[in-house]
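Where a number appears in this text, it was derived from the coordinates with a stated rule and is not lab data. All values reported here derive from a predicted model rather than from experimental measurement. Ideal geometry is used to build each Cβ from the backbone, glycine not excepted, and the neighbour counts take in all protein chains shown.
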Amino acid sequence: MPFALGRPLGSPGDKEFQHRVLDAALGLLIRTDGPVFSEFLEEAMEAADDKEDWVCPVSFDAPIASSPTENIQNEIAFLRPWYERGKVLSGRTSFGVSGLSPMELGPLIYSFLFDSRSGNNNGADSLKLATDDLKAFYVEAAIQQPGFAKLGAIENWYWNQTFAGELVKQVSVYCQKSSDAALRLTAKILIVPETVIPWS
């Protein structure tokens with residue numbers, strides 16, 4: 001299994017593994033045969049309770065809309081107070097790389113199911129930034145929910161229990177058949193983890 005995004009040293013609390021990663025990285029500093037490309041072959045083990053069940057206390061109890069984008073906008077409306085709370089408490093956010101508002105993200109991502117360029121000459125970049133922002137919004141809102149949740153549990157919630165995660169998975173599968181090589185690559189390896197949709 002690859003290292004999870006945001007965990008360059010492996011799972012939290014696994015000191016022995018983290019030390020091995022650091023030793024390997026620092027060992028490169030004494031190499032004189034540069035440039036050096038070295039692959040760390042040991043796989044990061046996932047913590048046993050990293051994907052424990054977690055239920056988002058925010059209830060998405062609004063009627064299911066006929067439009068996927070409307071469903072996502074309903075979710076965003078429920079999550080927004082928690083997202084805003086986190087932004088105030090921490091003084092920062094990773095949301096905003098796309099330049100779009102949260103409500104604009106769903107329609108843009110959804111449009112890739114019909115137009116791989118989405119009216120943009122740089123479709124792959126637009127898709128990557130929009131999906132990054134959508135996930136950042138959901139995860140940052142979820143982190144503020146009462147009750148401690150492991151990152152793996154929140155990731156599982158996002159990908160398997162939200163309309164947003166479902167849409168991004170559908171777009172990933174669809175765009176892997178695009179005639180645009182950059183979009184195919186983005187859809188295959190950059191917007192959905194391999195653990196969610198295994199690479200073919």
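General remarks:
- Stretching Q161 away from L185 to a fully extended chain increases their span by 6.1 nm, per 0.36 nm per residue minus the current alpha-carbon distance.
- Whole-Å distance, taken between Cα centres, linking segment 14-36 and segment 159-200: 32 Å
- Exposure proxy ranking, count of Cβ atoms within 10 Å, fewest first, for T131, T69: T69, T131
- Computed over every Cα-Cα pair of segment 68-189 and binned at 10 Å starting from 0, the pair-distance distribution P(r) comes out as 13, 45, 31, 10, 1 percent.
- Model label points for Y174 and K150, set 7 angstrom from Cα along the Cα-to-Cβ axis, are 3.4 nm apart.
- Taking F163, F78 and counting other C-beta atoms within 10 Å, the order from fewest to most: F78, F163
- Distance between the pseudo-spin-label points of E16 and R92 (7 Å out from Cα toward the beta carbon): 3.3 nm.
- Computed from label points 7 Å out along Cα-Cβ, the spacing between E194 and S67 is 3.8 nm.
- Considering segment 157-200 at the alpha-carbon level, its Rg and Dmax are found to be 10.2, 32 Å.
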